[in-house]
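Visitor: Following this message is one structure expressed as structure tokens.
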Amino acid sequence: MDKDVQLAGEKLFTMSVCAFTGVIILSTICGPLKADTMEHCVEPSESGSCRYCERGWFGNDCNDQCQNCNIGGCNQTTGICQQCSPGYHSINCSIACPLQCRESYGNTLCDRERGRCSDGCKPTWWGSRCENNCSNRCRNSICLYSDGSCHLGCEDGLYGNYCNKPCSAGCGNNTCYSNGTCLNHCNVGYYGPSCDGNCTDHCIDRECVLGSGSDLPLCTKGCIRGWQPPYCKVSCKTKCTTCNDSGECLSCEGGFWGAFCQYQCSRNCVNNSCNSDGSCAGCRDGWYGTHCDTPCPVRQCRSCFQNKGTCGRCRAGDLDDAGQCVSAKSSRITVICATAVPILVLVAMSAIILFWYRRRTRIGQLGTKDRNAPLEQEVGSFFLVILVFN
């Protein structure tokens, strides 16, 4: 029995030694393993868990790393970031910011809750998440990220905040400002700040401009015939071809004269036309005077000078030096007489001289008794010479 007790004691001792040795071995082995799993723990707790983790780690043993968190780290228990790293959003900072967000200092920032771009959008994009393309009607397709309006202007031919309105067809070079007023001059036939007014066809070449202090356009080149300047909206008086801005006629239709072309030209005016004061530019045959209302004084006169009435052309025959019309026969006799009379006078004088010369010579040669003998013969010879010459 003592032997059995001894054996039992030895067996118990051996087991105790083994258990103690195992505890030491386990303590030796397990201690370092525990220490290795808490390497990011700043302050362990008495229960063996970690009280404070290094920034960027979380969990009871600080073995879990925060994801996409900024330098503030994450909650030690839940792992939720205090602030997301640039380029991420959502509760867990697990969603990347939209690619169209504008970069700031090399980083893309967006609202954590909804992913709205914090610094606006890249060019050609707009919207809270920069999810919309700017209209290609915007100049260079650039717009404000807040509402998509074209803040740099529009492509040619368009205007408005969103460049959705066409410029007036009257704008020169098809360009206008954002309010629709034309950038350059108006095309021919248009007027106004927006060149949307049409010039009247009564303007010469349809050219007009908006008058100062007036809503009516002025015709820059004047009016076509028959319309009153400067607006060419009112026609000139009847029979008036051109008029001034007060409505008085500057020229009349053929056959009329006066401030309003209310008087008829004299029927004796050439071509039935007269000057603005009613005077004729020329008279019909048989009339003279300022208004051609006086007949030519010479009955046989076809036409006479307008200013003095003297005959200028006869109906028949010729015009003599006295301004009288003579027939062609009378004219020939007159010419013959005018030519023959001087010749006859000259011949007669010559004959008389010759007669008296011969008479004196013969008297000297004859005696007194014979002086009167040839007298009758001499006289007869004298008259015979005159008749021969005639």
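Visitor: Please tell me if Gly254 is surrounded by fewer than 14 Cβ atoms within 10 Å (Cβ to Cβ), under 30 Å from Cys311 (Cα atoms) and free of Cβ contacts under 8 Å to residues at least 60 places away in the same chain.
Guide: yes
Visitor: If you go through the range 119-136 one residue at a time, do you hit one that is of a type in the set (Phe, Trp, Tyr) and modelled with pLDDT of 95 or more?
Guide: Filtering the range 119-136 down to residues of a type in the set (Phe, Trp, Tyr) leaves 125-126.
With modelled with pLDDT of 95 or more added as a condition, the list becomes 125-126.
Yes; the residues of the range 119-136 include at least one that is of a type in the set (Phe, Trp, Tyr) and modelled with pLDDT of 95 or more.
Visitor: Select from the range 190-233 the residues that are modelled with pLDDT under 95, in contact with a strand residue (DSSP E or B) (Cβ under 7 Å, 6 or more places away or on another chain) and aliphatic (A, V, I, L, M) and list them in ascending order.
Guide: Matches in the range 190-233: Val209, Leu210, Leu218.
Visitor: Another one. What are the residues in the range 189-217 that are in a loop (DSSP other than H, G, I, E, B), within 12 Å of the chain's Cα centre (by Cα) and on the phi > 0 side of the Ramachandran plot, if any?
Guide: If the condition is that a residue be in a loop (DSSP other than H, G, I, E, B), within 12 Å of the chain's Cα centre (by Cα) and on the phi > 0 side of the Ramachandran plot, then Gly189, Gly192, Cys195 are the ones that fit.
Visitor: Of the residues Gly127, Gly48, which single one is closer than 22 Å to Asp147 by Cβ and either touching a residue at least 24 places away in the same chain (Cβ under 8 Å) or among the small types (Gly, Ala, Ser) (or both)?
Guide: Values: Gly48 fails: closer than 22 Å to Asp147 by Cβ.
Answer to the check: Gly127.
Visitor: Next up: Which one of these is more than 30 Å from Pro98 (Cβ to Cβ) and either crowded, with 19+ Cβ neighbours inside 10 Å or in contact with a strand residue (DSSP E or B) (Cβ under 9 Å, 6 or more places away or on another chain) (or both): Asn179, Asn133, Asn164?
Guide: Just a single option satisfies the conditions, and that option is Asn179.
Visitor: Oh, and also: Quickly run through the range 143-163 and pick out the residues that are assigned to a loop (DSSP other than H, G, I, E, B), farther than 13 Å from Pro123 by Cα and within 31 Å of the chain's Cα centre (by Cα). Before the answer, list the steps.
Guide: Of all residues in the range 143-163, those assigned to a loop (DSSP other than H, G, I, E, B) come to 143-153, 155-157, 160-163.
Remaining after also requiring farther than 13 Å from Pro123 by Cα: 147, 153, 155-157, 160-163.
Across the range 143-163, the qualifying residues are Gly153, Glu155, Asp156, Gly157, Gly160, Asn161, Tyr162, Cys163.
Visitor: Hey, does the range 232-250 have a residue that's of a type in the set (A, V, I, L, M, F, W, C), surrounded by fewer than 16 Cβ atoms within 10 Å (Cβ to Cβ), assigned to a loop (DSSP other than H, G, I, E, B) and outside the structural domain of Ala281 (by TED's automatic domain parsing)?
Guide: No: the range 232-250 contains no residue that is of a type in the set (A, V, I, L, M, F, W, C), surrounded by fewer than 16 Cβ atoms within 10 Å (Cβ to Cβ), assigned to a loop (DSSP other than H, G, I, E, B) and outside the structural domain of Ala281 (by TED's automatic domain parsing).
Visitor: Quick test for you: out of Asn174, Asn184, pick the one residue that is surrounded by fewer than 16 Cβ atoms within 10 Å (Cβ to Cβ) and out of contact with any Pro (no Cβ under 7 Å at 6 or more places or on another chain).
Guide: That would be Asn184, the only listed residue that is surrounded by fewer than 16 Cβ atoms within 10 Å (Cβ to Cβ) and out of contact with any Pro (no Cβ under 7 Å at 6 or more places or on another chain).
Visitor: Sort out which residues of the range 273-303 are in contact with a Pro (Cβ under 9 Å, 6 or more places away or on another chain) and either in a loop (DSSP other than H, G, I, E, B) or under 30 Å from Cys243 (Cα atoms) (or both), and write them in order of number.
Guide: Result: Gly286, single match.
Visitor: Now, a different point. Could you tell me whether Ile71 is out of contact with any Asp or Glu (no Cβ under 9 Å at 6 or more places or on another chain) and part of a loop (DSSP other than H, G, I, E, B)?
Guide: In short, yes.
Visitor: Quick one: would you say Cys219 is touching a Pro at 6+ places or on another chain (Cβ under 7 Å) and over 24 Å from Thr290 (Cα atoms)?
Guide: Against the criterion (touching a Pro at 6+ places or on another chain (Cβ under 7 Å) and over 24 Å from Thr290 (Cα atoms)), Cys219 qualifies.
Visitor: Which numbered condition trips up Phe260, out of (1) in the same structural domain as Pro166 (by TED's automatic domain parsing); (2) at negative phi?
Guide: Failing condition for Phe260: (1).
Visitor: Further question: Is it true that some residue in the range 75-83 is at pLDDT 80 or above, under 30 Å from Pro123 (Cα atoms) and in a loop (DSSP other than H, G, I, E, B)?
Guide: Step one: filter the range 75-83 for residues at pLDDT 80 or above, giving 75-83.
Cutting the leftovers down to under 30 Å from Pro123 (Cα atoms) gives us 83.
Right, trim to in a loop (DSSP other than H, G, I, E, B) and you get 83.
Yes, the conditions are met somewhere in the range 75-83.
The values are calculated or read from the model by the stated rules, or taken from the named source; none is laboratory data. Computed from a prediction, not measured in an experiment: that's the story for all the values here. Reconstructed Cβ throughout: ideal geometry from the backbone, glycine too, with neighbour counts over all protein chains shown.
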